[in-house]
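Student: Supplied in structure tokens, the structure appears directly below.
The values are calculated or read from the model by the stated rules, or taken from the named source; none is laboratory data. Only a predicted model underlies this, so the values are computations on that prediction, with no experimental measurement involved. Positions of Cβ are backbone-derived with ideal geometry, glycine not excepted, and every protein chain shown enters the neighbour counts.
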Amino acid sequence: MPSIRARFWKMLIRRMFQEQMSIEEYRALIVTNSRFPSPMPKGVDVERFDVNGLDAAWISPIDADAGKVILHFHGGGYVIGGIKAHLMMCISMAKSLNIKMLLPDYRVAPEHPFPAALEDGLKIYGWLLEQGYKAGDIIFSGDSAGGGLALAATLSLRDKAEPLPAAVICISPWVDLTLSGKSHITNADSDVVLRTDDLREWASAYTGESNWKNPLVSPLYADFHGFPPLFIQVNDDEILLDDARRLAEKAQADGVDVTLKIWKGLWHVWHAVGNMIPESKKTYEEIGQFVRANLHKDK
């Protein structure tokens, strides 16, 4: 049973997203919500800066290991989102895990369609390596479309025989732009955040329909051999449930070390409300166990 605060937030979020909106309206909603920032927790520094033309945010807990970092790709269907929308989530995550996080503003569609987001993701990973970080000290993470982007970036690196991150974390990932998962039907009424019609519009804005099965667009259709350990969290009543489950099954069949955690009673990327719900502690404990297991001191 979800907590009272979680049930309150779920009701509030349902009301916030009850009307279908255009991409422009979603973007305006993000701007409005960002005007009410949460208090900055003690012991965390946030620095905004430019990385080869990309705006980015360093989120640094004071006692974090300076040599290890999570590179987080924000969600938003490849058309919305950004630092303003995801800063609270990443601050809470960095604080809870006691690890530095880098949150970039990659380019979004329809102004910048595929492969712009992927190019930006690879660019900022390359920048981390240039700064002296080792590939084995970097974890990719991403929520929703950002989860798909984290996977696509890793697949691109593997195919080029370039150094891979130590692991990949996917939070409610969107990995099938063909929208073929059965949960698009079974969870259509229970998902309080996403609509399949919106995802179809966003997929079309990102790339043409003939490209939707490209593994760098829809990683569900990838060959995952040689892929690093993969951690997935998803809620049981969101329309992307089957994206997460099928991703886990496909990667595991290809020999990947996969951890899948299915939560109940929450919503798509519940992490976005930070520590405003008590479930966040357990959520980050699960992620933390995975991070500690894959960022060994000898890497």
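Student: Go through (1) over 29 Å from Tyr133 (Cβ atoms); (2) touching a Cys at 6+ places or on another chain (Cβ under 6 Å) one by one and return the number of the condition His72 breaks.
Tutor: Failed condition: (1).
Student: Separate question: Output yes when any residue across the stretch 235-255 is of a type in the set (D, E, K, R) and within 16 Å of Gly146 (Cα to Cα), and no when none is. I'd like the intermediate steps shown before the answer.
Tutor: Initial filter on the stretch 235-255 (of a type in the set (D, E, K, R)): 236-238, 242-243, 245-246, 249-250, 254.
In the following step, the residues that additionally are within 16 Å of Gly146 (Cα to Cα) were identified as 243.
Yes, there is a match, as at least one residue in the stretch 235-255 is of a type in the set (D, E, K, R) and within 16 Å of Gly146 (Cα to Cα).
Student: Return the only residue of Leu266, Leu216 being part of a loop (DSSP other than H, G, I, E, B), on the phi < 0 side of the Ramachandran plot and either acidic (Asp, Glu) or crowded, with 22+ Cβ neighbours inside 10 Å (or both).
Tutor: Values: Leu216 fails: either acidic (Asp, Glu) or crowded, with 22+ Cβ neighbours inside 10 Å (or both).
Every option except Leu266 fails the conditions.
Student: Shifting gears a bit: Looking only at the stretch 80-97, decide whether some residue is buried (at least 23 other Cβ atoms within 10 Å of the Cβ), in contact (Cβ under 8 Å) with a residue 40 or more places away in the chain, on the phi > 0 side of the Ramachandran plot and of a type outside the set (Ser, Thr, Tyr).
Tutor: yes
Student: Okay, next question. Which of the following residues is over 15 Å from the mean Cα position of the chain (by Cα) and touching a residue at least 24 places away in the same chain (Cβ under 8 Å): Leu149, Leu155, Leu118, Leu102?
Tutor: On inspection, the qualifying residue turns out to be Leu155.
Student: Take the residues of the stretch 136-178 that are assigned to a loop (DSSP other than H, G, I, E, B) and of a type in the set (Asp, Glu): which is farthest from Val108 (Cα to Cα)? Before the answer, list the steps.
Tutor: So in the stretch 136-178, the residues assigned to a loop (DSSP other than H, G, I, E, B) come out as 144, 160-166, 172-178.
Filter again for of a type in the set (Asp, Glu), leaving 162, 176.
Details: Glu162: 25, Asp176: 18 Å.
Taking the candidates together, the pick is Glu162.
Student: If you go through the stretch 1-12 one residue at a time, do you hit one that is within 17 Å of Gly82 (Cβ to Cβ), surrounded by 13 or more Cβ atoms within 10 Å (Cβ to Cβ) and in contact (Cβ under 8 Å) with a residue 12 or more places away in the chain? Step through it out loud before you land on a result.
Tutor: In the first step, residues of the stretch 1-12 are kept if they are within 17 Å of Gly82 (Cβ to Cβ); the result is none.
Looking for residues that are within 17 Å of Gly82 (Cβ to Cβ), surrounded by 13 or more Cβ atoms within 10 Å (Cβ to Cβ) and in contact (Cβ under 8 Å) with a residue 12 or more places away in the chain, one finds none in the stretch 1-12, hence no.
Student: On to the next question. Just checking, which of Ala248, Ala253 is surrounded by fewer than 18 Cβ atoms within 10 Å (Cβ to Cβ) and free of Cβ contacts under 8 Å to residues at least 40 places away in the same chain?
Tutor: Numbers: Ala248 fails: surrounded by fewer than 18 Cβ atoms within 10 Å (Cβ to Cβ).
Just a single option satisfies the conditions, and that option is Ala253.
Student: Condition first: under 17 Å from Pro173 (Cβ atoms), acidic (Asp, Glu) and touching a Gly at 6+ places or on another chain (Cβ under 9 Å). Now tell me which residues in the stretch 252-299 satisfy that.
Tutor: Asp254
Student: Report, by residue number, each residue of the stretch 98-124 that is among the hydrophobic types (A, V, I, L, M, F, W, C), buried (at least 23 other Cβ atoms within 10 Å of the Cβ) and assigned to a loop (DSSP other than H, G, I, E, B).
Tutor: Val108
Student: Considering only residues that are assigned to a helix (DSSP H, G or I) and free of Cβ contacts under 8 Å to residues at least 24 places away in the same chain, look in the stretch 194-213 and name the one that is surrounded by the fewest Cβ atoms within 10 Å (Cβ to Cβ). Talk me through it step by step, then tell me what you get.
Tutor: Residues of the stretch 194-213 that are assigned to a helix (DSSP H, G or I), as a first pass: 196-206, 209-211.
Next, only the ones that are free of Cβ contacts under 8 Å to residues at least 24 places away in the same chain stay: 200, 204, 209-210.
On the way: Arg200: 15, Ser204: 16, Glu209: 11, Ser210: 7.
Looking at residues that are assigned to a helix (DSSP H, G or I) and free of Cβ contacts under 8 Å to residues at least 24 places away in the same chain, I get Ser210.
Student: Examine the stretch 229-237 for a residue that is among the acidic types (Asp, Glu), surrounded by 17 or more Cβ atoms within 10 Å (Cβ to Cβ), in contact with a His (Cβ under 6 Å, 6 or more places away or on another chain) and part of a loop (DSSP other than H, G, I, E, B), and state whether such a residue exists. Break it down into steps so the answer makes sense when it comes.
Tutor: Going residue by residue through the stretch 229-237, those that are among the acidic types (Asp, Glu) are 236-237.
Among the residues that remain, those that are also surrounded by 17 or more Cβ atoms within 10 Å (Cβ to Cβ) are: 237.
The next check asks that each one be in contact with a His (Cβ under 6 Å, 6 or more places away or on another chain); those that pass are none.
Checked the stretch 229-237: no residue is among the acidic types (Asp, Glu), surrounded by 17 or more Cβ atoms within 10 Å (Cβ to Cβ), in contact with a His (Cβ under 6 Å, 6 or more places away or on another chain) and part of a loop (DSSP other than H, G, I, E, B).
Student: Can you spot a residue in the stretch 52-69 that is at pLDDT 95 or above and charged (D, E, K, R)?
Tutor: Yes - at least one qualifying residue is present in the stretch 52-69.
Student: Do we find a residue being assigned to a helix (DSSP H, G or I) and in contact with a helix residue (DSSP H, G or I) (Cβ under 7 Å, 6 or more places away or on another chain) anywhere in the stretch 179-193? First the steps, then the outcome.
Tutor: Going through the stretch 179-193, the residues assigned to a helix (DSSP H, G or I) turn out to be 183-186.
Add one more test, that the residue is in contact with a helix residue (DSSP H, G or I) (Cβ under 7 Å, 6 or more places away or on another chain), and what stays is 183-184.
Scanning the stretch 179-193 turns up at least one residue that is assigned to a helix (DSSP H, G or I) and in contact with a helix residue (DSSP H, G or I) (Cβ under 7 Å, 6 or more places away or on another chain).
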